[in-house]
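**Q** This is the structure I have questions about; it appears just below.
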Amino acid sequence: MIVKMNKYAFPVYHKEYDTFLERLRSTGVVHVKQTKPVADHPVIVKLTAESKRVTTQLEYLDSLLGAGAEPEAAVAAPKPAKLLSISESEKLLMRIEDIRDRLGKIKASLLSMEKERDAMSVWGDFEYDTLEKLRGAGYAVTFFTCLEARYDEAWENDYNACIISRKQSILHFITITPSGATLSIDADRAKLPVKDYRHVVADIKAEQERKEELEAKLRDIARNHCDSLNGLKTNIENEAAWNNALLQTDSRAGDKLMLLEGWIPDDRTAEMEKTLADAGYYFLRLEITDDDNIPIKLKNNRITRLFEVVTKLYSLPNYNEFDPTPLFAPFFMLFFGLCLCDGGYGLLLILVAWYFKRKVGDGVKPVLSLLQCFGTATLIVGIVTGSFFGASIVDIEYLSSVKKYFISGDSLMTISLVIGFFHVIFGKFVAASKVQMQRGLKYSLSAFAWIFLILAFACIMVLPMANVHLTETVKYVLYGIIALSALVALLYNTPGKNVFLNFGSGLWATYNTVSGLVGDVLSYIRLYAIGLTGGLLGGVFNSIAIDMTSSINPFVRWLPMLLILLVGHALNIGLSMIGSLVHPLRLIYVEYYKNSEFEGGGIDYKPFKKL
């Protein structure tokens, strides 16, 4: 749900304003209303750039520490965090940037030298001085490459040709001829090496050592100064927030009165009012207008909160609509399970997430908990459909008595379309409810009428196909619902307007609704297709593991079988996970958001507080 916000104004005498801001920051609940752009404030722009600069270096240093390049025994204990002065922090950042710049040049040089080494490796390890001695003795050594089929053995007699190496179908050879002799050879001349192969290898080794030395310096900085840099970043962000509060403050009464506006969550309002009243500060509760850009704070239960990352990935809702998180969370889990559609993979996700939750920080645990939710949905769908690591558990003899209760592939396709239909209708119901909340019941009647019309029509058309026969009375009731809903949808879609204009708008809405409904529902067939593909691929790897090792001794056969299964199923899980995330996101952001008329555009609630 979206937390209710209250708008406040804080008029403060200018001599007490800094003390007031400090008290306001200590409470940490007021979101300062943005009335002026920060891009025009040079101090905030500079602080923001400095924060990004520190963040960039911190992320790099954290990646070095996470790489585990040194054994634990060799790693010195990190120094305690030290608050850096401005000059110290600038020197440290410049040192890190200088080392990274030199490291980047060395890496580029290494790439060039390794290409040169690879190009020279086909000519073997020879001394460049030998070529100079031959040249001094009146002989020229020429390097050639050509296709093996074009090589003429007569060149060996005419030009003392000597094959140095074969690489695939390419021959690399040299000729030794008197200086100035004309060579009639149908082959490409290769670039003459400028160094010995061993010299290039030695240069690469020396460059590698310089690279390792610089990386060791950066790791040392990371161990001893990461905490200090984090403290510096926090201080910069606190200073930027303080300057932003000053920027958003208006001066009144000849600069004697400072006026600040902000937003406070409704559940913290009473506490905030008491704190300010006890300190002797005056505040005024303001009316919220349509022009206000109200910050959004989401409040959900322990499970639904995990899906807020999906909501924020697209856009926060605006203050006048519903929080979509609890509305799409169950569907997202179901869609993921249908796409991955294997009980073994689901169980594996649960166990992997459970293992790593004990080893990671608090910031990563919600992601792993979300992965466990996905794994649970996948495990349930996999059991119901009878798929476990690509094997069909339906074919197990002990389960023959309950085989009819498993969902087949054909049924799964139908189920995907049915789920899609109800998800689209649910989206339309959310849209109608939003109109009712924002504008009133009479403006939402047309939207609700379309829902009843579609559901009644679907009952008449689809239920007989499922061997559900309706009585004549029920049919007449459904026909009545269709007729009444059609009248409302066609003639009362815009209350207050001319009936003919409503009728025209209703016809246009009919075309859009019918064409859109069919296309939207058909989009959900991807749930069946992605799940079927992953299941078939898992079964293929199982067959490969069995068939390719059938002739191997049973006592050693298990090893190649295990390797094939591990590699195959790891590849399948990786590919299926991508599809199981992308396609549910697509169904939520496109089909559901469109039918629920999601507006978005909300700004995140960021209280003014000291980090």
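The values are calculated or read from the model by the stated rules, or taken from the named source; none is laboratory data. Being a predicted model, the structure only gives us computed values, none of them experimental. Note that we place each Cβ from the backbone using ideal geometry, even for glycine, and neighbour counts take in every protein chain shown. Note: accessible area is taken over every heavy atom of the protein model, side chains too, but ligands, DNA and RNA are not part of it. Shrake-Rupley method; radii C 1.70, N 1.55, O 1.52, S 1.80 Å.
**Q** For the range 187-322, what is the Kirkwood hydrodynamic radius in Å, using each pair of distinct C-alpha atoms?
**A** 22.7 Å is the Kirkwood radius here.
**Q** I'd like the accessible area for residue 521: 1.4 Å probe, protein heavy atoms, all chains in place, Å² to the nearest 10.
**A** For residue 521, solvent-accessible area is about 20 Å².
**Q** Return the tail of the calculated pair distribution for the range 223-280, meaning the percent of Cα-Cα pairs more than 17 Å apart.
**A** Percent of Cα pairs beyond 17 Å in the range 223-280: 65.
**Q** Show 557, 166 ordered by accessible area, largest first, where the area counts protein heavy atoms only and the probe is 1.4 Å.
**A** 166, 557
**Q** Binned at 10 Å from 0, what are the whole-percent values of the Cα-Cα distance distribution for the chain, short to long?
**A** Pair shares across the bins are 3, 10, 13, 15, 17, 16, 12, 8, 4, 2, 0, 0.
**Q** Here is a further query. Treating the beta-carbon of each Lys and Arg as +1 and of each Asp and Glu as -1, no other charges, what is the dipole magnitude of the range 243-388 about its Cα centre, to the nearest 20 debye?
**A** 920
**Q** A further question on this structure: Report, by chain and number, residues whose modeled amide H sits under 5 Å from the one on residue 139, excluding near sequence neighbours (fewer than 5 apart, same chain).
**A** Under 5 Å from the amide H of residue 139: 179.
**Q** Dipole magnitude of the range 486-611 about its Cα centre, charges +1 at Lys/Arg Cβ and -1 at Asp/Glu Cβ only, in debye to the nearest 20?
**A** Value, rounded to 20: 400 debye.
**Q** To the nearest 500 deg cm²/dmol, what mean residue ellipticity at 222 nm is calculated for the chain from DSSP H runs of n ≥ 4 alone, each contributing -39,500 (n - 2.57), summed and divided by the residues?
**A** So the calculated ellipticity at 222 nm is -20500 deg cm²/dmol.
**Q** Between the range 428-495 and the range 592-608, how many Å separate their Cα centres?
**A** Their Cα centres are 28 Å away from one another.
**Q** Calculate, in nm to one decimal, what residue 318 and residue 206 gain on full extension: separation in residues at 0.36 nm each, minus their alpha carbon distance.
**A** 34.4 nm
**Q** Give the distance, in whole Å, between the Cα centre of the range 551-579 and the Cα centre of the range 137-173.
**A** 45
**Q** Still on this structure, I have one more. Angle check, please: helix 409-439 long axis (alpha carbons) against the longest principal axis of the chain (alpha carbons), in degrees 0 to 90, nearest 10.
**A** The angle comes out near 50 degrees.
**Q** Another one. Mind jotting down the three principal axis lengths of the range 328-479 based on Cα atoms? Whole angstrom, largest first.
**A** Its Cα atoms span 57, 46, 17 Å along the three principal axes.
**Q** With Cβ to Cβ distances under 10 Å as the rule, what net charge do the other residues near residue 126 carry (K, R +1; D, E -1)?
**A** After counting each charged neighbour, the total is -3.
**Q** Follow-up. With the alpha-carbon atoms as the only input, what is the per residue convex hull volume for the range 104-144 in Å³?
**A** 86
**Q** Once Rh for the range 471-546 is found with the Kirkwood sum over Cα pairs, what is the Stokes-Einstein diffusion coefficient at 25 °C and 0.890 mPa s, in µm²/s?
**A** For the chosen part, D equals 149 µm²/s.
**Q** Hey, another quick one. Place the peptides 45-53, 584-592, 359-367, 338-346 in order of packing, highest mean first, counting for every residue the other Cβ atoms within 10 Å and averaging per peptide.
**A** 338-346, 584-592, 45-53, 359-367
**Q** Rank by packing, highest mean first: peptides 201-208, 455-462, with packing defined as the count of other Cβ atoms within 10 Å averaged across residues.
**A** So the order, starting with the most tightly packed, is 455-462, 201-208.
**Q** Return the whole-Å distance between the Cα centroid of the range 265-319 and the Cα centroid of the range 174-208.
**A** Between the Cα centres of the range 265-319 and the range 174-208 lies a distance of 72 Å.
**Q** Could you give the radius of gyration (one decimal) and Dmax (whole number) of the Cα atoms in the range 408-528, in Å?
**A** Expressed in Å, the Cα Rg and Dmax of the range 408-528 come to 16.0, 53.
**Q** Using only Cα atoms, tell me the angle between helix 86-121 and the longest principal axis of the chain; keep it within 0 to 90° and round to the nearest 10.
**A** With both axes taken from Cα atoms, the answer is about 50 degrees.
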